[in-house]
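Trainee: Mind looking over this structure? Questions follow.
The values are calculated or read from the model by the stated rules, or taken from the named source; none is laboratory data. Please read these numbers as outputs of a predicted model, since none were measured by experiment. Don't worry about glycine lacking a Cβ; one is built from the backbone with ideal geometry, like all the others, and counts go over all protein chains shown. Please note that ligands, DNA and RNA were not included when accessible areas were found on the heavy atoms of the full protein model with its side chains. Shrake-Rupley method; radii C 1.70, N 1.55, O 1.52, S 1.80 Å.
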Amino acid sequence: MIASHFLRRSFLTLFMSLAATAVLAQDRPAGQDYQPEVGQSGKDVVWVPTPQALVDKMLDMAKVTPADFVMDLGSGDGRTVITAAKRGARALGIEYNPDMVALSQRNAAKEGVTSNATFMKADLFESDFSQATVITMFLLPDINLKLRPKILGLKPGTRIVSNSFTMGEWQHDRSVQATESEGCQSYCTAYLWIVPAEAEGSWKLPDGELTIKQSFQMITGTLKAGGKSTAIKGRLTGEQISFKAGDAQYSGRIGADGIKGTVKAGSGTTEWSAARKS
């Protein structure tokens, strides 16, 4: 009985969905391309396009180059993907609305960037972001938070840029604004995060031990060396680590073989290294 009821309900839902699609298609004059309306409903958010002035600033802030692979989450009419492609980057838009996907493909063709700009109909929560070096989005705070664990699992150094909405307690690394004189009337602030490496834990130095506590890109802890324990405080920028311990400033890179870098104390600079303790 339960299974039968479920099948009937599923069939009814499918029928209503197909009927609604047919009505929309009938309402559109023959030969007329789909045109979205600002504020129209989507799967996860309503559609509001990012102002072009802010799109440009978002890609500037992420330092997009032809070496990048940009993924735009909820790509709408494709403007961010197309702008990235014009900069020589490979760019992919993920969009749930198939009409929007088709519109984006037409827009990319008009701009002559179909070789670098592609679009796919997909669910954000089921998509693979692992190949992206830059991710752009204009979603909502709760959607950002749902995606955050997946984003934090990306390769360190991946740049994340969001129009208007933040990542909860994960503080942004930078922000930028587009002005009214630049043609931006609303939703004119963007935020940048750089995915940090995993530094939490204990590290063995040749003459001591470094213990790191990590909260996203911010780090605290202690450095024990020469029988002395010194508090540290610093940050991560992708694989780059920097912190201060007393009067000494440490910087380095976290790699598969540990941390290697330099330490500046007084007028001198020396090399330092650390291996993760098992």
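Trainee: How far apart, in nm, are the 7 Å Cα→Cβ label points at R276 and M120?
Mentor: 2.9 nm
Trainee: Continuing with this model, one more query. Determine the alpha carbon to alpha carbon distance for each of K86/K155; K204/K260; K233/K264; K86/K110; K63/K233; K213/K277 and list only those over 22 Å.
Mentor: K86/K155; K63/K233
Trainee: After finding the eigenvalues of the alpha carbon gyration tensor for the chain, what semi-axes result from the square roots of 5 times each, listed largest first in whole Å?
Mentor: 46, 23, 16
Trainee: When the accessible area of the stretch 64-121 is computed with all protein chains present and a 1.4 Å probe, what percentage of it is carbon and sulfur?
Mentor: Here carbon and sulfur together make up 49 percent of the probe-accessible area.
Trainee: Next up: Given a 1.4 Å probe and heavy atoms of the protein chains only, how would you sort S278, S75, largest accessible area at the top?
Mentor: S278, S75
Trainee: Testing the spin-label approximation: label points 7 Å from Cα along Cα→Cβ at K146 and S267. State their distance in nm.
Mentor: 6.0 nm
Trainee: How high is the relative contact order of the chain, given as a whole-number percent (alpha carbon pairs under 8 Å, six or more residues apart)?
Mentor: Rounded, it is 11 percent for the chain.
Trainee: Let me check something: with ligands and nucleic acids excluded, how do D56, D247 order by accessible area (1.4 Å probe), largest to smallest?
Mentor: In descending accessible area the options line up as D247, D56.
Trainee: Net charge near A190: determine it from the other residues with C-beta under 15 Å of the C-beta of A190, scoring Lys and Arg +1 and Asp and Glu -1.
Mentor: 0
Trainee: Something else about it: Between S41 and T189, how many nm apart are label points set 7 Å from Cα along the C-beta direction?
Mentor: Between S41 and T189, the simple spin-label model gives 3.0 nm.
Trainee: I've got another one for you. Ignoring trypsin sites (Lys or Arg not before Pro) that are buried or in helix or strand per DSSP, and keeping those with at most 11 other beta carbon atoms within 10 Å, what is the longest stretch of the chain between them?
Mentor: 64-276
Trainee: Exactly which chymotrypsin sites (Phe, Trp or Tyr not before Pro) in the stretch 180-278 are in a DSSP loop and have at most 16 other Cβ atoms within 10 Å?
Mentor: In loop regions of the stretch 180-278 (DSSP not H, G, I, E or B), the sparsely surrounded chymotrypsin sites (Phe, Trp or Tyr not before Pro) are Y187.
Trainee: Shifting gears a bit: When the helix-only estimate is applied to the chain (DSSP H runs of n ≥ 4, each -39,500 (n - 2.57), divided by the residue count), what is the mean residue ellipticity at 222 nm, nearest 500 deg cm²/dmol?
Mentor: Helices in the chain give a 222 nm mean residue ellipticity of -8000 deg cm²/dmol.
Trainee: While we're on this one: Give me the net charge of L73's neighbourhood, meaning all other residues with Cβ under 10 Å from the Cβ of L73; Lys, Arg count +1, Asp, Glu -1.
Mentor: -3
Trainee: What is the sum of charges around G168, taking Lys and Arg as +1, Asp and Glu as -1, for the other residues whose C-beta is under 12 Å from the C-beta of G168?
Mentor: Taking every other residue near G168 into account, the sum is 0.
Trainee: When you take every Cα atom in the stretch 95-158, what is the radius of gyration, and what is Dmax, the widest Cα pair distance, in Å?
Mentor: Computed over the Cα atoms of the stretch 95-158, radius of gyration and Dmax are 13.6, 37 Å.
Trainee: Just to confirm, what accessible area per residue do you get for the chain at 1.4 Å probe, in whole Å²?
Mentor: 55 Å²
Trainee: Only Lys, Arg, Asp and Glu count, each charged at its Cβ (+1, +1, -1, -1), so figure out the dipole size of the stretch 63-205 about its Cα centre, rounded to 20 debye.
Mentor: So the magnitude is around 440 debye.
Trainee: Now for a different question. Would you work out what percent of the accessible area of the stretch 141-231, with all protein chains in place, is carbon or sulfur (probe 1.4 Å)?
Mentor: Result for the stretch 141-231: 51 percent of the exposed heavy-atom area is carbon or sulfur.
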